[in-house]
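Student: Can you read through this structure? Questions will come right after.
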Amino acid sequence: MNPGFKTLLFTLFLIGGTIENTNAQDAYGKAIGIRGGMPTGVSYKHFLEFAGAVEGIFGYNFTNGRVFTLTGLYEHHFFINYNTNFFAGGGLTLGANSDEFRLIVDAIGGIEYVFPRFPMSFSLDYKPAFNVFG
């Protein structure tokens, strides 16, 4: 198998794989995840209410100035069924490296699938970012 294809499959798996706390009333209330793409990092999502969630991402962008980032997002979920939902929202990112500080406005939209009877979900999202300064 082509090494580039293996890397792509591995990255897609890491984009949204999460380990979650589950209960019988809802799909999950909290989740820790691994985020692929730029920046690569670790995420934590917490549902505040049925459809509203906040997500924090600690990331590292190793291709664009080697910047450490901290992102805060609010996401509204639109449930298709018990296991599948769309989400959209936005937030801010603070980024820094040894030379500069960055403030970034983020938008996010995507789809998520929660595996039944297994504490894991998979999501794909698009997260455009706009530099305010830096």
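The values are calculated or read from the model by the stated rules, or taken from the named source; none is laboratory data. Keep in mind that what you see is a predicted model, and the values were worked out from it rather than measured. No Cβ is skipped: glycine too gets one built from the backbone with ideal geometry, and neighbour counts run over all protein chains shown. Side chains included, ligands, DNA and RNA excluded: accessible areas come from the protein's heavy atoms. Shrake-Rupley method; radii C 1.70, N 1.55, O 1.52, S 1.80 Å.
Student: Does the stretch 35-55 hold any residues that are aromatic (Phe, Trp, Tyr) and either under 14 Å from Lys127 (Cα atoms) or over 10 Å from the mean Cα position of the chain (by Cα) (or both), and which are they? Even if it seems obvious, please write down each step before you answer.
Tutor: Keep residues of the stretch 35-55 that are aromatic (Phe, Trp, Tyr), which gives 44, 47, 50.
Listed by number, the residues that qualify are Phe47, Phe50.
Student: When the stretch 75-134 is examined, which residues are found to be in contact (Cβ under 8 Å) with a residue 24 or more places away in the chain, among the aromatic types (Phe, Trp, Tyr) and in contact with a Gly (Cβ under 9 Å, 6 or more places away or on another chain)?
Tutor: Passing the criteria: Phe86, Phe87, Phe101, Tyr113, Phe122.
Student: Another question about this same structure. Could you list all residues from the stretch 114-133 that are surrounded by 15 or more Cβ atoms within 10 Å (Cβ to Cβ) and assigned to a strand (DSSP E or B)?
Tutor: The answer is Val114, Met120, Ser121, Phe122, Ser123, Asp125, Ala129.
Student: Regarding Phe87, is this residue in a strand (DSSP E or B), open to solvent by less than 30 Å² (accessible area, probe 1.4 Å) and either of a type outside the set (Gly, Ala, Ser) or at pLDDT 95 or above (or both)? Lay out the reasoning, then the answer.
Tutor: On the way: in a strand (DSSP E or B): yes; open to solvent by less than 30 Å² (accessible area, probe 1.4 Å): yes; either of a type outside the set (Gly, Ala, Ser) or at pLDDT 95 or above (or both): yes.
Judged against the criteria, Phe87 is a match.
Student: Note down all Cβ pairs under 8 Å where the first residue falls in the stretch 44-70 and is assigned to a loop (DSSP other than H, G, I, E, B), the second is open to solvent by 50 Å² or more (accessible area, probe 1.4 Å) and among the acidic types (Asp, Glu), and they're at least six residues apart or on different chains.
Tutor: Here the result reads Phe50/Asp26; Gly65/Asp99; Gly65/Glu100, each pair linking the stretch 44-70 to a residue that is open to solvent by 50 Å² or more (accessible area, probe 1.4 Å) and among the acidic types (Asp, Glu).
Student: Let me ask something additional. Condition first: surrounded by 15 or more Cβ atoms within 10 Å (Cβ to Cβ) and at pLDDT below 80. Now tell me which residues in the stretch 15-73 satisfy that.
Tutor: Scanning the stretch 15-73 gives Ile15, Gly16, Gly17, Thr18, Glu20, Thr22, Ala27, Tyr28.
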